[in-house]
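Everything below concerns the one structure shown next.
Read the figures in this text as sums done on the coordinates, not as results from a lab. Every value quoted in this text rests on a predicted model; they were computed, and no experiment measured them. Glycine also receives a Cβ, built like all others from the backbone with ideal geometry; neighbour counts cover every protein chain displayed.
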Amino acid sequence: MKIDILTIFPDFFRGPLDYGIIRRAREAGLAAIEVHDLRGFAHDRHRTVDDRPFGGGEGMVLKPEPIFECIEALKMMSRKERFAGNAKESVVLLSAQGKRFDQSEAEKLVALERMVVVCGRYEGVDERVSEHMADRELSIGDYVLSGGELGAAVIVDAVTRLLPGALGNEASTQQESFTAQTELRSGNGPSSTCGSGGLLDYPHYTRPADFRGLPVPEILVSGNHEEIRRWRRRMALEKTMRNRPDLLDRATLSTEDKEFLAQTTGRTIRTRGQDHD
Ligand code: SAM
C-alpha cells in the first residue's frame, strides 16, 4: 500500500513511522509511506501556506493551492473518478468535523492501494479541499487537536497493522477489540475461540505467575483450553458491558454469551449483530 502524508511539519513523523510494526511493514515493502512538506508547493519567497480567513474571524487557514498542487503532483485520479466506483485510492482530510475514525473505517482503508492523508493546522483547511479534493473527512475523536499530524499517525498505524503480513501472527487482528466479524466456535484451543466479534479484548497476563503477591487467574494455568476460552469470552463480555455497553448492540453474540449477559445483568440481551450459536 502507498501512503502519502501532506503536512507543514514533516519532521513530526520522525518517530511515529520509525518503530515497531510500521517500521517492519515499511522495511518489508508492505507499506511505502512518504511525507510531503506542503511548503515545497508554495510559490512565494516566504513559502506561505496559510492566510487570513475571508469574512474575518480568528486565526489563519491553510491555503488550498499547495494541497491541490501536491495531490496533483502525486498524479492521483480526480475526486470525481474516485467517486465513480472501485477506486483503489482515497484522499483523507483530517478534521475535527469529520466522520469518526474507527476499526471498520481502518478495515475499509486497508483495502486501498493508495491513501493520501492531509493534515490541517491553525483554524483548519480551506473548505475547497474538502469539497473538491478529499473524498473522506475523518476525525479521530470528539476533541480539538492543534493539527492533523497526530490523527494521521493514528490512522496510518491502525491501517498499516491490518496489512496482510504486517503482524507476525495474523490471527491476532481477528481477535482484537472492535474487530467486527470473528468466527465463534470452540474446539481449536483458546486463541481461536474467544475473539472479539465486536467486543473489547479479554485481559492478558504474562510471567511471573505471581507478581508481588498478585497471582494470575488460576484458570489460565489450568491447561484446560475450553475453560480458558469460556473465561476469556466472559471477561471480554464483562469489560465491554462495563466500559463500552454501546458495543453490545452491534456485537456478534452466541447463545452462551447472551445467557451470561442475562445472568450478569438480570435482563434479556437483544443485539442487532448477527447471532451465533
Ligand atoms: N477550527 C477547527 C474546528 O473547530 O473544528 C479546529 C482546527 S484544529 C485547531 C487544526 C487541525 O487539526 C484541523 O484542521 C485538523 O486537521 C486537525 N484536527 C483537530 N482536531 C482533530 C480531530 N479530532 N481529528 C482529526 N483531526 C483533527
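Data overview
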read-out: Charge-dipole axis of the chain as Lys and Arg at +1 and Asp and Glu at -1 on Cβ define it, positive-most pick from PHE178, MET115, GLY141; value: PHE178
read-out: Those GluC sites (Glu not before Pro) in segment 2-66 that DSSP places in a loop and that have at most 10 other beta carbons within 10 Å; value: GLU58
read-out: Largest-first ellipsoid semi-axes for segment 2-160, taking √(5λ) over the Cα gyration tensor eigenvalues, angstrom; value: 24, 17, 16
read-out: Neighbour count of at most 12 Cβ within 10 Å plus DSSP loop: longest chymotrypsin sites (Phe, Trp or Tyr not before Pro)-free window in the chain; value: 144-277
read-out: Percentage, to the nearest whole number, of Cα pairs in the chain over 24 Å apart; value: 59
read-out: Helix-only mean residue ellipticity at 222 nm for the chain, each DSSP H run of n ≥ 4 adding -39500 (n - 2.57), per residue, nearest 500; value: -8500 deg cm²/dmol
read-out: Gain upon complete extension [ASP246, ASN224; 0.36 nm per residue less C-alpha separation]; value: 4.7 nm
read-out: Sparsely packed trypsin sites (Lys or Arg not before Pro) within segment 1-93, loop by DSSP, other Cβ within 10 Å at most 10; value: ARG14, ARG45, LYS75
read-out: Computed over segment 2-160: relative contact order in percent, which uses C-alpha pairs under 8 Å that are six or more apart; value: 29
read-out: GluC sites (Glu not before Pro) lying in DSSP loop within segment 83-165, provided at most 11 other Cβ fall within 10 Å; value: GLU113
read-out: Förster radius 30 Å - calculated FRET efficiency between GLU27 and VAL216, Cβ distance, rounded to 0.05; value: 0.30
read-out: Ranked MET133, MET76, criterion: other C-beta atoms within 10 Å, fewest first; value: MET76, MET133
read-out: GNM top mover of ASP102, ASP210, ASP126 - the chain, alpha-carbon springs below 10 Å; value: ASP210
read-out: Full-extension gain in nm, GLN103 to ARG52, via 0.36 nm per residue minus C-alpha separation; value: 14.8 nm
read-out: Ascending count of other beta-carbon atoms within 10 Å, so fewest first, for HIS43, HIS225; value: HIS43, HIS225
